[in-house]
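The values are calculated or read from the model by the stated rules, or taken from the named source; none is laboratory data. It should be emphasised that the depicted structure is a prediction, and the values quoted were computed from it without experimental measurement. Positions of Cβ are generated from backbone atoms using ideal geometry, with glycine treated the same way; all protein chains shown enter the neighbour counts. Side chains included, ligands, DNA and RNA excluded: accessible areas come from the protein's heavy atoms. Shrake-Rupley method; radii C 1.70, N 1.55, O 1.52, S 1.80 Å.
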Amino acid sequence: MYFEEVFEPSSSKPRRKCSSSSDDEYNESCQITIDNSGNILKVLKDLFVEQNMCDIQLKVGNKQYGAHRFILCASSDVFQAMLMNPEWTEWHESHVELQELPICENVFYTFLEYFYTGKILITHTNVMPILALADKYLVKSLSRICLTYMCRHVPHAASHNQLSSWLQYSSVCGHSRVFETCQNYFKWNFESVANTSDFSNFDVEMFVKILQQSDIVVHNEMMLFNCVVRWLQLQRIRIEKNGAAESFKELVERTMKHIRFPMMTPRELAELLMSPIIKQNKEFFVDRMAISMKYHSGYTDQLEAYYSCKDTKLQFIPRLYTSDSCSAVLMIENFWSLQSYHTSTFVFSSHLSAAEHESHKISEWEVDLYPKGVYFKKCLLIVWQGTLEVPEEILPTVRLSLTCRDSPVSKMRVKVSVLIYGLQGGVEYLMEVKERVHYFTPQDKMLNIDDLIPFNELNTSAIFKDASDTPYLVGPNRDTLKLNIVIAPIK
């Protein structure tokens, strides 16, 4: 390797040029990457904190913030249009007043500081106003940060009475991923949400939309009815206080039309007759009660019109009921100590119909749960051509294998739902639902569901016994895998 002196045209001072026999050697020897980004960010932060060389003042509420036009324009598409476009009255102003909601005023300094540092502290209490500012001023990077945080912390938000506001905002602003995550949490943890003070804050449209869903997880339909009654009572207080245009009677009909009374037992239906809300709205409920009793008595020919009607056919479709007649809890304790390819077996029974006249139709099921992968030993398979050697196989998957222990006389179509529980902030919640529709026949009596839980996410943490790496373990010691399997017949 040698060095030669090279003169730049604009300077009489020589610089050294490095030469070598190979470009790779040249690159390795003569290129140095300098990372001074930390110092640059510190300079920018000092400009903001010390209010040096500010060329614009932003008034928000009763407070004023000094800023720099080039920083605002580089960070926000809205500020760029506002401060660089002559069509905006603010483009030549040195003092600009911004109109913000009170909750946004409280976080505006934090929002502005992000422009200069790229850092921000997000919590379940400030994420909504920060997201509102990021959306308003089109700070896309900050919007993505807030949305990712919200998707990961819905259970924490629900336990701190933030779920209704997150759900409503994401719906209005089109943040579909957050909306879906919040909606699923509400549906799958309906009873726990109903016991929060936030329950009354869900608006009518959103609440009715939830009630229409078939994947609401509740103990039974009677429990759902009681939760709706509680919500209605809370709304009645609001109606009487604010003088809302919609009458309480209309609200009762809008919500109760989505309660699936045929899914209640005759005994539960009889108990409902004593409910004050039904006594006060007899005309509305009498037909629904009559349809329910016909369903339980087996008058299917009289219900054909209801089965085929779009508005009423959902009445005869069960939701995800966790009562003993429809489901079974599958729990594997001491998960850390399980050996590779461990198998846990559970046996339970379920009713094949919600109708009373078919209460004798019960099927028995066997579940094999493989949380640590599936291992097939090498074996010999005898076929008509001779003996075939089948090599061993290892499947890195979390598998649930469901077998119908009875022998179906014909095709039996069922929906199998696996409810997967998790833990966040010390609170156990239903985090995911996996559903399969399957035909069980005398020739096909088994259903395998693979990748029930991401294998590496569940098992990598188990190797190091670090429960913080996976949300899929519950219990005081976070060493219990908890599932619930729900089987519902489909006609």
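Taken over the stretch 214-232, residues that are over 17 Å from S164 (Cβ atoms) and of a type outside the set (S, T, Y) amount to 12.
Selection of the stretch 253-276 for residues being part of a helix (DSSP H, G or I), touching a helix residue (DSSP H, G or I) at 6+ places or on another chain (Cβ under 6 Å) and among the aliphatic types (A, V, I, L, M) yields M263, L269, L272.
Output yes when any residue across the stretch 232-240 is closer than 25 Å to S159 by Cβ, open to solvent by less than 10 Å² (accessible area, probe 1.4 Å) and in a loop (DSSP other than H, G, I, E, B), and no when none is. There is no residue in the stretch 232-240 that is closer than 25 Å to S159 by Cβ, open to solvent by less than 10 Å² (accessible area, probe 1.4 Å) and in a loop (DSSP other than H, G, I, E, B). Residues that are modelled with pLDDT of 90 or more, of a type outside the set (D, E, K, R), touching a Cys at 6+ places or on another chain (Cβ under 9 Å) and closer than 19 Å to S141 by Cβ do not occur anywhere in the stretch 52-62.
This table checks each residue for (1) in contact with a strand residue (DSSP E or B) (Cβ under 8 Å, 6 or more places away or on another chain); (2) open to solvent by less than 80 Å² (accessible area, probe 1.4 Å); (3) aliphatic (A, V, I, L, M); (4) at negative phi.
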| residue | (1), (2), (3), (4) |
| --- | --- |
| R260 | no, yes, no, yes |
| Q280 | no, no, no, yes |
| A290 | no, yes, yes, yes |
| H296 | no, yes, no, yes |
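Listed here are the helices (runs of 4 or more DSSP H) enclosed by the stretch 36-105 that have at least 2 residues being over 17 Å from Y116 (Cβ atoms): 77-84, 102-105.
Looking only at the stretch 106-142, count every residue that is assigned to a helix (DSSP H, G or I) and at positive phi and tell me the total.
Within the stretch 106-142, the subset assigned to a helix (DSSP H, G or I) is 108-117, 127-136, 140-142.
Narrowing further to those that are at positive phi: none.
Result for the stretch 106-142: 0.
If only residues of the stretch 366-404 that are at pLDDT 90 or above and of a type in the set (K, R) are counted, the one that is farthest from L430 (Cα to Cα) is K372. Look at (1) under 22 Å from L395 (Cα atoms); (2) at pLDDT 90 or above; (3) under 21 Å from the mean Cα position of the chain (by Cα); (4) open to solvent by 30 Å² or more (accessible area, probe 1.4 Å) and you find that M446 fails only one, number (3).
Residues are listed down the side, and each one gets a yes or a no for (1) touching a Gly at 6+ places or on another chain (Cβ under 8 Å); (2) among the charged types (D, E, K, R); (3) buried (at least 20 other Cβ atoms within 10 Å of the Cβ); (4) within 27 Å of L251 (Cβ to Cβ):
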residue: A158; (1), (2), (3), (4): no, no, yes, yes
residue: Y169; (1), (2), (3), (4): no, no, no, yes
residue: V172; (1), (2), (3), (4): no, no, no, yes
residue: H175; (1), (2), (3), (4): no, no, yes, no
residue: Y185; (1), (2), (3), (4): no, no, yes, yes
residue: V193; (1), (2), (3), (4): no, no, yes, yes
residue: F202; (1), (2), (3), (4): no, no, yes, yes
residue: K209; (1), (2), (3), (4): no, yes, no, yes
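Across the stretch 112-156, the qualifying residues are those that are open to solvent by less than 10 Å² (accessible area, probe 1.4 Å) and of a type in the set (S, T, Y), and the one among them that is modelled with the lowest pLDDT is Y116.
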